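S.K.: My structure is below; once you've seen it, I'll send some questions.
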Amino acid sequence: MAEKIALVAGAGRGTGGSVIRRFAAGGYRVAMLARSESRLGEYEAAIPGTLAVPCDVTDREALAGAVERVREALGDDPHVVVHNAARGSRGSFLDMDPADMQANFEVNTMSLLHLAQLTAPAMIARGAGALMVTGNTSTWRGIPRFSGFAPTKAAQRILAESMARELGPKGVHVAYIVIDAVIDLWWTRRRHPGRPDDFFIKPDAIGEEVFRIAHQDRSTWSFNVEIRPFGEPW
């Protein structure tokens, strides 16, 4: 594969980090966006071909500056964009601070809009590209204590679907990947003590799936993709 550029928004310890490593291993230069400069610095030092770009994805002006920095530093527009930025909160809607739901919406939905508006035009001009968006179980249903979070993820999926229907005929693949599982991290292990290994979804397996979907043949593009461990009830 000729060297291409991937931009990953939301470079966390789980899914984000695994996506970054997989695309780097696949021959991409990977630009990483997150608010945590220390985490980005760790990834940049450990993963060859990566570029740390500290950024608050909810700040449209800052995000535009970050995308421009990627162009200048790596010499091209992103060929693949992965939106993995997420913000969540729990609690009854009776006690919820509306500002908290608004903050979730800014990260989960509005930042996707901003990022797509800043990167999709170059993909359209190229006639090729991929925009991968990660979701979770709240995408599909609202349950008690998730009323401030689930609506923002559902809106994110609908926005991505609108993008997919518009961009697909122009050669740009948009997919929404629902991670219906508990991701295997140190803090999720602590929250679910005694659970067997196969209860958790492996971050590196998520990264592999995101990479695969981003490279599907045009004759078999997916949009709604759900991934879960074999024992996960659904």
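The values are calculated or read from the model by the stated rules, or taken from the named source; none is laboratory data. These numbers come from a predicted model, not from an experiment. Here the Cβ is made from the backbone with ideal geometry for all residues, glycine too, and neighbour counts use every protein chain on show.
S.K.: If P144 meets every condition in (1) within 28 Å of D198 (Cβ to Cβ); (2) exposed (fewer than 15 other Cβ atoms within 10 Å of the Cβ); (3) in contact with a Gly (Cβ under 8 Å, 6 or more places away or on another chain) apart from one, which number is that one?
M.R.: Here P144 meets the rest and fails (3).
S.K.: Now for a different question. Filter the stretch 107-135 down to the residues that are surrounded by fewer than 18 Cβ atoms within 10 Å (Cβ to Cβ) and either of a type in the set (V, I, T) or modelled with pLDDT under 95 (or both) and list them by number.
M.R.: I124
S.K.: Can you pull out the residues in the stretch 30-68 that are touching an Asp or Glu at 6+ places or on another chain (Cβ under 6 Å) and at pLDDT 95 or above?
M.R.: T50, A52, P54, T58, A62
S.K.: Any idea which of A103, A120, A150, A130 is touching a Leu at 6+ places or on another chain (Cβ under 8 Å), of a type in the set (G, A, S) and touching a residue at least 12 places away in the same chain (Cβ under 8 Å)?
M.R.: A120
S.K.: For the subset of the stretch 31-46 comprising residues that are touching a strand residue (DSSP E or B) at 6+ places or on another chain (Cβ under 7 Å) and over 13 Å from R13 (Cβ atoms), which member is surrounded by the most Cβ atoms within 10 Å (Cβ to Cβ)?
M.R.: Checked the stretch 31-46; the qualifying residue surrounded by the most Cβ atoms within 10 Å (Cβ to Cβ) is L33.
S.K.: Could you please give the count of residues in the stretch 76-120 that are in a helix (DSSP H, G or I), under 14 Å from the mean Cα position of the chain (by Cα) and not β-branched (V, I, T)?
M.R.: 8
S.K.: Residue by residue through the stretch 77-92, note down the ones that are out of contact with any Leu (no Cβ under 6 Å at 6 or more places or on another chain) and surrounded by 14 or more Cβ atoms within 10 Å (Cβ to Cβ).
M.R.: Passing the criteria: D77, H79, V80, V82, N84, A85, A86, R87, G88, S89, G91.
S.K.: Looking at this structure, is R145 among the basic types (K, R) and either under 23 Å from I177 (Cβ atoms) or modelled with pLDDT under 95 (or both)?
M.R.: Yes: the conditions hold for R145.
S.K.: If you take the residues in the stretch 189-203 that are of a type outside the set (A, V, I, L, M) and crowded, with 16+ Cβ neighbours inside 10 Å, which one is nearest to the chain's Cα centre (by Cα)?
M.R.: Checking each candidate, the answer is P203.
S.K.: How many of the residues making up the stretch 147-174 are under 30 Å from P196 (Cβ atoms) and of a type in the set (A, V, I, L, M, F, W, C)?
M.R.: 2
S.K.: Within the set of pairs 6 or more residues apart or between chains, which connect a residue that is over 11 Å from A9 (Cα atoms) inside the stretch 78-91 to a residue that is among the β-branched types (V, I, T) with Cβ atoms less than 7 Å apart?
M.R.: As it stands, the answer is P78/I5; P78/V70; P78/T119; H79/I5; R87/V107, since those pairs meet every condition given.
S.K.: For the stretch 55-72, what are the residues that are surrounded by fewer than 18 Cβ atoms within 10 Å (Cβ to Cβ) and free of Cβ contacts under 8 Å to residues at least 40 places away in the same chain?
M.R.: Those that are surrounded by fewer than 18 Cβ atoms within 10 Å (Cβ to Cβ) and free of Cβ contacts under 8 Å to residues at least 40 places away in the same chain: D56, D59, E61, A62, G65, E68, R69, R71, E72.
S.K.: Show me the helices (runs of 4 or more DSSP H) entirely contained within the stretch 125-234 in which 2 or more residues are touching a Lys or Arg at 6+ places or on another chain (Cβ under 9 Å) and within 22 Å of K4 (Cα to Cα).
M.R.: Qualifying helices (runs of 4 or more DSSP H): 203-214.
S.K.: Report, by residue number, each residue of the stretch 30-66 that is closer than 19 Å to K4 by Cα, over 18 Å from the mean Cα position of the chain (by Cα) and outside any loop (DSSP other than H, G, I, E, B).
M.R.: The answer is E44, and nothing else.
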